[in-house]
Each structure stands twice: as structure tokens, then as C-alpha cells.
Amino acid sequence: MGGYLLRRLYHSFIVILGITLIIFIITHMIGDPVVLLLSPEATQADRDELQRQLGLDRSLPLQYIVFIKDAVRGDFGVSFRHQRPALELVLQHLPATLELTLAAMVLSVLISLPLGILASMKPGSLLDRTGMTFALFGQSAPVFWIGIMFILLFGVKLRWFPISGRGGIENLVMPAMTLALFSTAAQTRLTRSSMLDVLDKDFIRTARSKGLHEFKVILKHAFKNALIPIITIVALQFGMMLSGAVITETIFAWPGVGRLAVNAIYNRDYPVIQAAVFVTSLFFIFINLLVDLIYTKIDPRITYR
Amino acid sequence: MKRFFMVFFILCFLIPSVSLGAPKGKLIIAQAVDLTSLDPARHHTQGEFNYDNAVFDRLYLFDVQGNSVPRLAVSHRIVNDTTWEFKLRKGVKFHNGDPFTAADVKFTIERILDPKTKAPFAANFRHIKEVNIIDDYTLQMVTEKPDPILIKRFAAGATTSILPSKYIKEKGEDPFLRHPIGTGPFQFVEWVRNDRLVLEAYEGYWAGSPLVKTVVIRPIPEDATRIAELQTGGVDIAVNIPPFLVNQVKAMPGVEVQSVPSGRVIFLYLNTLAPGPLQDKRVRQALNYAVDKKSIIEKILMGSGFQMAINLTPYHFGYDPSLQPYPYDPEKAKKLLAEAGHRDLKLVFNTPSGRYIMDKQVSEAIAGMFEKVGVKIDFKVREWGDYTKDLVTKKLVDIGFIGWGNVNYDADGTFFVYFIKDAAFSYYEDPEMKSWIIEARHALDEKKRKDLYTKISKKVFEEAPLVFLYQQQDHWGVSKKVKNFQARGDENFYLYRVGVEK
């Protein structure tokens, strides 16, 4: 187990290195932060001077090496725009994003698992068909449109919730619902099909013929065996929500990492882009590792060496 | 005229005394973008300048028509061609009680010019060679060459907001940037990045206490969200209402729309530096005749625009009202193209998307109009950062959609930037025109400058180095609870005289 963890850690390191390299190349190939930063009256000499100050006059490979050397010490450099350390900016915005993502995740699990299970119990029933229609809608409606519709309905028409900004729990409701919709739909469908798979198996028939209460059959025997793919998709969706919160954050003026990162990309603020990508990747990798460990708890047949 | 000014001044003193009483109420403003820092010298975008306008003051400001009005300066005298003397306002105090003196002005300007500051607009002030303190309230500035628009540069430059030299020298830059103080009508309270900026009335403001107690400026990037907040009273003022939503906002009870011609003009670049058909004046004129500006403004911009003869607005010093826009005349365009001998003309058309109001849609329409007169178009939608890099490095191919907000309110800020090859955004140069532009740039005689700009304007129109399109119209959504708010063409807002009813 210890050896396995070490290997995973090593793999994670390679992955992060790869991600930073790709981001580095893409962002440096297109556009120029200095051009976006200076007044139109600036001359070539002004641009050269700023380039030198920001260290952008060095060759690309050298810039990357310097970046990695500093990054290892947790120093991602100072934001070109904000004049603050990039990592500090990302960490400042992180709580808002985590709050939103966790809320959306809890919401989607609380809705999708019961809905999926209920749908699987009576395939073809009204409940099943309603659930699946909802899932289809949730997966195909654009987040952007959903967000605006929520604002118009719950914010403007009914005035139940504040429209934008971060604050109390009431501010969280609409952004969390918007962000949760897609994953709720995906998880509902997967829970249903995964349950249907298991419910066909022999051991379920055995359990039923033993005279077990249907409730117990479903939750204890069927659900537990259907859980592995469900956990996988929940974790994947969590990662996607973490990085996909950009649109939701923009619609609801939510002060999260997504908005910071997107503006950084527009402005070619390299240190902030790198720091944001690094932190998000760390979460992704950590979640994946966590899921792999959870597998062993659920299914004793799975072990890592 | 003199009497008018007397009355005006008396009125100015009367107004504050009428509305005497402690500032009260809370004003919430939604703008599209957030600040990046609290340091005026490093500011770059309008969202940041609005904070500068509230917390700080500068030597001069523009009024709504574009005339410079003394603020922390009270008068100026031109000592010789390159030396200006400014008398400064007495009795002005920073938020911590320190008096404002000439030392603060010197400090502010020298800080902008210090390369370590990395001030984006340093280039606009680099020609100020010396700032000399004569006494606490008298200051001289020496410029490299005569600069007739020096005062306009201060009026336009929120980045020249005067900083407290004593405070910064004693406490250091970092503490100042965490809790900035200025001489402006509002004091800094709190800033949560990408969420809110909170300011509070400074009752000791030199021109009298502001009317509103608390100001909150919120960045809300999405137009629909900003408007929904305005509708439900979550915000009192919303900037940048897009033209296609204006009618919806007008229909809301308790909200009015203030529409104002913008200082921003929209046009197409033509790369006349690279060899090719665009170096032929007839081709450039043909492209100008080929564009139906009227229907673009009516159908795509829902009426929010004004046709332009060249790329200067009536706000700008040097504007020539006698010039009329190129009429829509596709037949003439075809004829000019035939004369020029370009039968199978094929040009690349670059456009940003989402940077200016309806930019991509307008570009698509124009590309269609060009095709109609027989010019084949290779249409390219460009990411902004990628596009501007091409522009500045002179790599633009053929045609490009762009907007230009010349906030100096002077023709220099447009002609110098667009019609002199060495400037960042220029794709055109003509030796004679260049000599006029340089001459006007350094002539202190207003009459002479005006005549030069009239000459230049006529030549710009005739030479058609750009495809001239329109001047934008800006729309602001303002709650009826807000009093005395006036939308401006330069997108600034000044909240000192603004009140709010609850």
C-alpha cells in the first residue's frame, strides 16, 4: 500500500509537470501581456523595458526552467496585473469556489442517487420516465441559459433569493443549483443504469427468494454493488465542477478562482494562470487518489500493491 | 460672459449649502469589471478609474462637454514654451488629515515615471523632464518640447490621481496599498476582490461633504445579471446596458436609462504599410463607399450610434463639423475599384468578438457589403490578446475592426496614434500629414492648432486611411432614487454630487 501511494505521488508529479508545460507553451505562443498592459502612446523602448522587468525577454525554455525552479518553492511569481503574488490571489479566491462546488456536489448527490434508485425499481413507470426526461433536460440545457432563467424566475419574479454576489446561504442557492444541474442529470442516469445491471444478477434473486424486505434488497445488496461506477462519476463530476464553475461564477458574479483565471487568460497574466491551473490540478489528482482508496473499502476484492 | 461665470460660481457655492446635512444612504453601482489593485498609477481600465475618481483627486478634470476644469490646481501660467507654473489649491486635506502640498504632486508624477512602478500610462508623461517645487502651493513643470495638451493629459489621466507623499514615505508602499488614502470625496473602507469595493463619505472634502454616506461598487460581468439586479433594486446604477436590452430596462418601473454619445469611435483598420491594393487611395475610398453605415446603426446597433466622417467626435478639440460621412454608394465603390484595376480583390477581414458592442455582428455585415461590391473576404474572428499583439507588431493582414476611445478630448490623441507609423496602432503614414501632426502637437497657440487639425481632418477624409464607421452611444441604467447622476461620454463617473433617496 505504501509503495502504491509513493508511485501515485510520483505519477501525480509528472502529470502536474506536464500540465504546467502545456499551459506554459499555449499561453506564451499566443498574445503578449506587455502589449495588453501599456498605453497606446508607449514606444517599442517602453515595451522592451517592461518585457525585461517581467523577465519575458529571456528565451522560452529558460523562462520555463526559472518558473519551475520558483514554483517548487511555492513561488509562482507576481501577477502582472494585480501586483500581488499569484498563489496568494488564487488562494484568496479558492474558498468561494470550494463553497460553491461542494454545495453543488452535495445537492446533486442528494437528488440524483434517490432519484436514480427509485427509477430503477420500476423501469418504464411514470416516475422513471419523468426522472429520465429531467435528466435529459439537465444534460442538454446550457448552463448559461439555466443560470439566467433561475435569475429571472427566483430572483426577479419570485424574489426568493439574491441575484448575485457571495454572502449568506441564500446567495448560494441559485449558483449551486445551476452548477449542480448537469451533474445531477448525469448521475441520475448512471445510478439508474448501474442499478438495473445489478438488479438482474442472480444474487439479487437469491436475496429476494430468501424473503428479504425489498427495501433491504435494494439498499444493502443492490446499491452497494452498483456503487463503484457511481462513485467514479461523482468524483469526476466534482473535478469538472471545480474547473467548470467559470460560467456559473460569471453569471452570478461569484468571486471564485474561475473568474480570476479567465481574466488572467484574457490578459496573459502568466503567473496567475499557472498558479490557478496548479491548484486546480492538485485537487483533481487528490480526488482521484481518494476515489481509488475508497474502492478498496467498498469492494474488498480490489487491492493495490 | 463674465456675469454668467459670476452667477455660475455663486450657484456652485449655494448648492452645497442647500443640501447641507450629514451624508446619508447607500449607493450601489454595478460595473462590468473589478479593480486589479488599489494603486492609481498602475491602473489601466475604466472600472479602476472610477475608484480613482472617488477616493482621489487630480490637478484637472473634464466636465461633461470635455472642457478641463481646475481641481487640485487652481490656475496655470505658461512661463516659457516648455515651462508651466501651477498654483495649487490651499486647505485641501488627505483623509488622514495631512495637508495637500506641491510635494504630493511632485511625488505622484515622479512615481509614475519611475520604471519600477510599471505604470501603464507612463509613456503619456515621459516628456515631463522636471517637476520643481517653488513653494508649498506653487509648482513648475518642465517639458522636453512644448506640450499644448499637458493640462488635458492630467484631466484625462486618472492614473495621475494625487497620492499622499508623506504617508507613503513614512508607512511604506505596501501599507498604503492595503489601505489607501487620498483627497477625494470618498474614503476607502474595504475591497474584496471580484466581489465588492466599499467607500464612505469624507465629510472634510475640500468642496464640501458628499451627499451619500456609503458607496459600494460591485463587479458584475454578465449584462443580464446586472440588469436583473437593477430591476430588483439590488443595485442603483448599472453601467454598459447593451443596445438590445435598452427597451427592456426602459420598461422597468423606477428605473431610467441615460443615453449619451460616447467618446469611443469604431472603424476599420486598413494596412497601407504592406505593399498591396490597400496602398491605392481609390481602393480605400471604395471600401468607405461600400459600407451602409445607416442600416448597420439602425438594424444591428438598434440606433445606438452616430455616423462618422472621420475618426474624431464633436467632443474633441480639432473636430471639423464641415465634413460629412462617406455616403453609401455601392456603384461608386465598384467604379473606383474598376478604375484602380482590381477585379479579383481578395482581402482578409479580422474582427474581435465581444470586445466592442456587437463587434462580430457588425463585421459580418460589413464583410457582406464588401462582397457585394466585388471584394472577396476571408473572414477571421480573433481572440483579443492574439489580435492586439498582431496589431501592435504591425502584422495585421489587410482589414481589422477596432474601437478607439480618445479620452484626452483632443485631436492629438487620435491623429498621433493612428497616422504616424511609429505609434503603436498606426498602419498609415503620409510625410506631409505627419509634419502637420507633429507641428500641432507642439504648438501652444490654440488657433494655429485648430487650423492645423482642420487641414489634417480634410486630408484624412480624402485619403481614407481607415474605413470610418460610427461613434458609439452608451446607455446607463439608473434607479429613480438616484439624484444628480449624469452619464458621461468618457465612461467616468463622479459621485461627489450624487445623492440617493431611500
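Exactly one condition in (1) within 14 Å of chain B (Cβ to nearest Cβ); (2) aromatic (Phe, Trp, Tyr); (3) crowded, with 19+ Cβ neighbours inside 10 Å is not met by A:Phe223; state its number.
A:Phe223 satisfies every listed condition except (1).
Here's a check for you: in segment A:66-89, which residue that is within 11 Å of chain B (Cβ to nearest Cβ) and of a type in the set (A, V, I, L, M) is farthest from A:Phe252 (Cα to Cα)? Steps first, please.
Taking segment A:66-89 first, the residues within 11 Å of chain B (Cβ to nearest Cβ) are A:78-84, A:88-89.
Keeping just the survivors that are of a type in the set (A, V, I, L, M) gives A:78, A:89.
Working: A:Val78: 28, A:Leu89: 20 Å.
Only one residue tops the list, namely A:Val78.
Is it the case that some residue within segment A:90-97 is touching a Leu at 6+ places or on another chain (Cβ under 6 Å) and surrounded by 16 or more Cβ atoms within 10 Å (Cβ to Cβ)?
Within segment A:90-97, one or more residues are touching a Leu at 6+ places or on another chain (Cβ under 6 Å) and surrounded by 16 or more Cβ atoms within 10 Å (Cβ to Cβ).
Identify all residues within segment B:113-137 that are hydrophobic (A, V, I, L, M, F, W, C) and open to solvent by 50 Å² or more (accessible area, probe 1.4 Å); write none if there are none.
Once the filter is applied, which keeps residues that are hydrophobic (A, V, I, L, M, F, W, C) and open to solvent by 50 Å² or more (accessible area, probe 1.4 Å), segment B:113-137 yields B:Ile133, B:Ile134.
Which of the residues belonging to segment B:107-131 are touching a residue at least 24 places away in the same chain (Cβ under 8 Å) and either small (Gly, Ala, Ser) or not assigned by TED's automatic domain parsing to the domain that holds B:Glu85 (or both)?
Passing the criteria: only B:Ala119.
Among the helices (runs of 4 or more DSSP H) confined wholly to segment B:320-435, which include 2 or more residues that are within 14 Å of another protein chain (Cβ to nearest Cβ)?
Counting at least 2 such residues, we get B:384-392, B:412-418.
Would you check if there is a residue in segment A:16-25 being open to solvent by 70 Å² or more (accessible area, probe 1.4 Å), closer than 18 Å to A:Ala261 by Cβ and in contact with a strand residue (DSSP E or B) (Cβ under 8 Å, 6 or more places away or on another chain)?
Looking through segment A:16-25, none of the residues is open to solvent by 70 Å² or more (accessible area, probe 1.4 Å), closer than 18 Å to A:Ala261 by Cβ and in contact with a strand residue (DSSP E or B) (Cβ under 8 Å, 6 or more places away or on another chain).
Kindly evaluate B:Tyr409 against the criterion of being open to solvent by 10 Å² or more (accessible area, probe 1.4 Å) and among the hydroxyl-bearing types (Ser, Thr, Tyr).
no
Restricting attention to segment A:32-65, which residues are within 7 Å of another protein chain (Cβ to nearest Cβ), closer than 18 Å to B:Gly385 by Cα and part of a helix (DSSP H, G or I)?
Within segment A:32-65, A:Val35, A:Leu36, A:Leu37, A:Leu50 meet the criteria.
Which pairs turn up if I take residues in segment A:242-261 that are of a type in the set (Val, Ile, Thr) and look for partners that are open to solvent by 20 Å² or more (accessible area, probe 1.4 Å) with beta carbon separation below 6 Å, at least 6 apart in sequence or on another chain?
A:Val246/A:Val262; A:Ile247/A:Val143; A:Ile247/A:Phe144; A:Thr250/B:Pro221; A:Thr250/B:Glu222; A:Ile251/B:Glu222; A:Val257/A:Leu94
Counting just the residues of segment A:172-204 that are surrounded by 20 or more Cβ atoms within 10 Å (Cβ to Cβ) and polar (S, T, N, Q), which one comes out nearest to the chain's Cα centre (by Cα)?
Selected residue: A:Ser183.
Can you name the residue in segment B:31-68 that is charged (D, E, K, R) and either free of Cβ contacts under 8 Å to residues at least 40 places away in the same chain or closer than 26 Å to B:Lys106 by Cβ (or both) and is also farthest from the other protein chains (Cβ to nearest Cβ) among such residues? Full working, then the answer.
At the first step, the residues of segment B:31-68 found to be charged (D, E, K, R) are B:34, B:39, B:42, B:48, B:52, B:57-58, B:63.
Retained after the next criterion (residues that are either free of Cβ contacts under 8 Å to residues at least 40 places away in the same chain or closer than 26 Å to B:Lys106 by Cβ (or both)): B:39, B:42, B:48, B:52, B:57-58, B:63.
Working: B:Asp39: 7, B:Arg42: 6, B:Glu48: 10, B:Asp52: 15, B:Asp57: 22, B:Arg58: 17, B:Asp63: 23 Å.
The qualifying residue farthest from the other protein chains (Cβ to nearest Cβ) is B:Asp63.
Name the residues in segment A:161-174 that are touching a Phe, Trp or Tyr at 6+ places or on another chain (Cβ under 6 Å) and away from chain B (no Cβ under 11 Å), would you?
A:Glu170, A:Val173
Among B:Glu439, B:Glu432, which is the only one that is over 18 Å from B:Ile149 (Cβ atoms), without any contact (Cβ under 8 Å) to a residue 40 or more places away in the chain and assigned by TED's automatic domain parsing to the domain that holds B:Asn406?
B:Glu432
Filter segment A:147-160 down to residues that are in contact (Cβ under 8 Å) with a residue 40 or more places away in the chain and either open to solvent by 80 Å² or more (accessible area, probe 1.4 Å) or facing another protein chain (nearest Cβ under 7 Å) (or both), then give me how many there are.
Total satisfying the criteria: 2.
With respect to A:Leu181, determine if the residue is in contact with a Pro (Cβ under 8 Å, 6 or more places away or on another chain) and of a type in the set (A, V, I, L, M, F, W, C). Steps first, please.
Values: in contact with a Pro (Cβ under 8 Å, 6 or more places away or on another chain): no; of a type in the set (A, V, I, L, M, F, W, C): yes.
No, not satisfied.
For segment B:421-438, what are the residues that are open to solvent by less than 10 Å² (accessible area, probe 1.4 Å), more than 17 Å from B:Asp451 (Cβ to Cβ) and not hydroxyl-bearing (Ser, Thr, Tyr)?
B:Ala424 - this is the single residue of segment B:421-438 that is open to solvent by less than 10 Å² (accessible area, probe 1.4 Å), more than 17 Å from B:Asp451 (Cβ to Cβ) and not hydroxyl-bearing (Ser, Thr, Tyr).
Which members of segment A:14-40 meet the condition of being among the polar types (S, T, N, Q) and over 29 Å from the mean Cα position of the chain (by Cα)?
Once the filter is applied, which keeps residues that are among the polar types (S, T, N, Q) and over 29 Å from the mean Cα position of the chain (by Cα), segment A:14-40 yields only A:Ser39.
Checking A:Gln139 against (1) surrounded by 17 or more Cβ atoms within 10 Å (Cβ to Cβ); (2) within 28 Å of A:Ala119 (Cβ to Cβ), which single condition isn't satisfied?
(1)
How about segment B:59-98: which of its residues are surrounded by 15 or more Cβ atoms within 10 Å (Cβ to Cβ), over 18 Å from B:Ile128 (Cα atoms) and polar (S, T, N, Q)?
Within segment B:59-98, B:Ser68 is the sole residue that qualifies.
Before we move on, is A:Asp128 within 14 Å of chain B (Cβ to nearest Cβ) and open to solvent by less than 30 Å² (accessible area, probe 1.4 Å)?
No: the conditions fail for A:Asp128.
Out of the residues in segment A:71-100 that are part of a helix (DSSP H, G or I) and at pLDDT below 90, which is farthest from A:Ile22 (Cα to Cα)?
A:Val72
Which condition from (1) at pLDDT below 90; (2) within 11 Å of chain B (Cβ to nearest Cβ) is the one that A:Ile247 breaks?
(1)
Give me the strands (runs of 3 or more DSSP E) completely within segment B:132-225, filtered to those with at least 1 residues that are closer than 20 Å to B:Glu48 by Cβ and in contact with a helix residue (DSSP H, G or I) (Cβ under 8 Å, 6 or more places away or on another chain), ordered by residue number.
B:186-192, B:196-201, B:214-219
The values are calculated or read from the model by the stated rules, or taken from the named source; none is laboratory data. In this text, all values refer to a predicted model and were calculated from it rather than measured experimentally. Cβ coordinates were reconstructed from backbone atoms using ideal geometry, including for glycine residues, and neighbour counts include every protein chain displayed. For the accessible areas, the whole protein counts, side chains as well, though only heavy atoms, and no ligand, DNA or RNA atoms are used. Shrake-Rupley method; radii C 1.70, N 1.55, O 1.52, S 1.80 Å.
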